[in-house]
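To start, the structure under review is shown below, and the notes come after it.
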Amino acid sequence: MKEILTLNNLDKEDIIKILDKASEIEEGGGKKYADKIMSAIFFEPSTRTKLSFISAMYRLGGKVIELDGGGNNSLKKGESISDTLKTMGLYTDIMVVRSPYEGTAKRGSEIVDIPVINGGDGSNQHPTQTLLDLYTIRKEKGRLDNLNVAVVGDLKYGRTVHSLVEALNKFKGNKVYFVAPKEMMIPKYVTDKLKLEYEITENLEEIVGDVDILYMTRIQEERFENKEHIKRCKGKYIIDKEILKISKKDMSILHSLPRVDEIHTNLDDTPNALYFDQAKNGIYVRESIISMLLEKNEKPKYDGKGYECKNKKCISYIEKLEGKYIGNESNKICFYCEKK
């Protein structure tokens with residue numbers, strides 16, 4: 001199975017296999033891995049992703065060792081992230097990595113022999129979150145095609161949105177509404193890759209009546225360089241039970257969590273609210289991913305070297321790595337962060 005580093009290298013069939021395996025595990029099936037150890041390497045704060053991966057590994061019968069970015073490791077002494085990952089790869093059988101730098105999981109994948117999973121890399125992608133989102137949607141709607149999906153809030157830095165849109169693009173008949181102020185709108189490098197129909201708007205009320213899935217996001221304050229943008233955008237999209245008066249009766253509300261104030265708690269007990277179901281489904285999906293990768297894993301490939309990435313948030317820029325690219329001479333993207 002392909003390592004879960006980005007949604008770009010997974011096709012529709014790969015996604016379906018992961019979701020089908022998750023269904024089997026939820027129903028009580030699946031192999032155990034008592035002799036395997038997972039390293040959970042989180043250079044950024046995390047609750048659901050980190051704990052659900054740990055829970056998934058324990059449920060599979062395995063063990064876990066952890067490393068975080070809080071200073072209780074050799075990064076404090078000046079060790080590079082690459083050397084840290086290389087070392088952790090010597091001690092464990094599978095690795096999940098979260099980092100503020102785009103492409104960190106790909107960097108880990110090329111320097112360790114074990115399978116690597118991207119637990120979120122900066123504002124780039126969060127592929128396992130998207131897979132559990134898809135699992136939740138499929139359970140609720142019975143399909144992953146012919147859906148109208150509105151993604152709302154911080155679409156500029158919201159890596160969950162970037163990954164979700166990449167995935168929806170692989171299925172037929174989907175339409176995405178991007179709902180955000182201009183300061184937080186979806187980046188052009190994301191929309192440039194889309195074949196599905198999409199619409200850009202700032203007005204949620206105008207389109208919510210056509211929506212099957214409403215995906216809310218929080219403002220990623222930790223990633224905004226311009227604090228004035230946060231002030232102008234904060235609180236712009238807050239939903240409560242009133243939204244159900246103008247939406248489809250069976251509209252489903254998703255959120256990767258943590259929420260701040262964008263979803264009122266009076267929605268929590270409605271049949272429309274699926275965000276805590278998402279969190280629970282993360283265990284089954286991550287069990288599926290871990291078990292499939294422990295059986296077989298396929299490392300990503302690049303097309304050439306000699307390409308210097310100018311993205312200052314890319315791991316190759318941060319650690320002054322030799323540039324690698326995907327694509328041809330006329331259409332190169334960075335192997336690590338997948339930016340042009």
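The values are calculated or read from the model by the stated rules, or taken from the named source; none is laboratory data. Values in this document were obtained by computation on a predicted structure and should not be read as measured data. Here the Cβ positions follow ideal geometry from the backbone for every residue, glycine too, while neighbour counts run over all protein chains shown. Heavy atoms of the whole protein, side chains included, go into the accessibility calculation; ligands, DNA and RNA do not. Shrake-Rupley method; radii C 1.70, N 1.55, O 1.52, S 1.80 Å.
Miscellaneous remarks
- Over region 94-213, equivalent-ellipsoid semi-axes from the Cα gyration tensor in Å: 27, 17, 11
- Within straight-line cross-link reach of residue 50, aspartates and glutamates at Cα separation under 14 Å, skipping those fewer than 8 residues along the same chain: 66, 68, 121, 287
- Per residue accessible area in Å² of the chain, where ligands, DNA and RNA are left out and the probe is 1.4 Å: 44
- Considering only the chain, percent of DSSP beta bridges that pair antiparallel, nearest 5: 15
- Whole-Å semi-axes of the chain's equivalent ellipsoid (Cα gyration tensor): 31, 24, 19
- CD proxy at 222 nm, helix term only [per DSSP H run n ≥ 4: -39500 (n - 2.57); per residue of the chain; nearest 500]: -9500 deg cm²/dmol
- The label-point distance for residue 17 and residue 113, in a model that sets each label 7 Å from Cα toward Cβ, rounds to 2.3 nm.
- Of 2/139; 188/241; 106/340; 63/141, pairs whose Cα-Cα distance is over 26 Å: 188/241; 63/141
- Whole-percent carbon and sulfur share, accessible surface of region 259-340, 1.4 Å: 49
- Average Cα contact separation per residue, the chain, under 8 Å, 6 or more apart, as relative contact order %: 20
- With the convex hull constructed from alpha-carbon coordinates only, region 16-139 shows a mean projected area of 7.9 nm² over all directions.
- More than 14 Å apart - percent of Cα-Cα pairs taken over region 15-64: 59
- Most fluctuating residue given options 298, 322, 66, as computed from a GNM of the chain linking Cα atoms under 10 Å: 322
- Scanning the chain for DSSP H helices at least 27 Å long along the axis (C-alpha atoms) with a Kyte-Doolittle mean no lower than -1.0 picks out 275-295.
- Using every pair of distinct Cα positions in region 136-192, the Kirkwood expression returns a hydrodynamic radius of 11.9 angstrom.
- Per-residue Karplus couplings for region 255-268, computed as 6.51 cos²θ - 1.76 cosθ + 1.60 with θ equal to phi - 60°, are listed in order as 6, 6, 6, x, 8, 10, 9, 6, 10, 5, 5, 6, 8, 4 Hz, Gly and Pro entered as x.
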